[in-house]
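Comments concern the structure below.
The values are calculated or read from the model by the stated rules, or taken from the named source; none is laboratory data. Note that the structure is a prediction, hence the values are computed from the model and not measured. Heavy atoms of the whole protein, side chains included, go into the accessibility calculation; ligands, DNA and RNA do not. Shrake-Rupley method; radii C 1.70, N 1.55, O 1.52, S 1.80 Å.
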Amino acid sequence: STAAATDDVAHMIDELEQALVDGPCLVAIEKRTAQIESDLTIGSQWPALTARVINESPVRGAMGVRLPVDSAKIAALNLFSDTPNAFEQTSIERAKVLAAFATVATNAAARGEDVAALKRGLFTNRTIGKAIGMLMVHNGVSDDDAFNMLRRTSQGSNVKVVDIAAKVVNGATTMEELAAAEQP
């Protein structure tokens, strides 16, 4: 079944896949690998689906990535393009990252975690990521070294890493102050 679709076209293609028992979503689930057809106008591994998609929609590229929802259920993320060759190898890697986020959110929802907790976690990760990037550029260090700067400062000041990161991102703490706080 289709849990969600971004628009009527995506929903229609999902229904076609289910009716034809073939397509990127179903093959991604079965083979446990990402499926990609960048240009449906020149054929695909799903000929019956492709013929219908070309005739009944503006979609010209398709991709499916498996989502392990929990130990008993599986799902897939379908992505479509109305431009041929919009999907490439890097698109698969990006789709896998998106699928990982979707899996976390789906599993959290299944466990009854609230949306506010998920948003806080996402905000925390983004804030720390921004601070790490700023520290890397300013200090010419690796991402591990930048994170260790945040971690050591956090431990030395008894302040959460995300709060230190937020100070870096918001300019409340300069890079020099952070580096100085690390010195023994």
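Exactly one residue among ALA62, ALA99, ALA72 is small (Gly, Ala, Ser), under 16 Å from ALA34 (Cα atoms) and at pLDDT below 85, and that residue is ALA99. I'm checking my understanding of the structure. Among residues of the stretch 14-43 that are assigned to a helix (DSSP H, G or I), among the aliphatic types (A, V, I, L, M) and modelled with pLDDT under 85, which one is most open to solvent (accessible area, probe 1.4 Å)? Across the stretch 14-43, the extreme among qualifying residues is LEU26.
Is it true that ASP114 is among the acidic types (Asp, Glu) and either modelled with pLDDT of 75 or more or under 30 Å from LEU40 (Cα atoms) (or both)? No: the conditions fail for ASP114.
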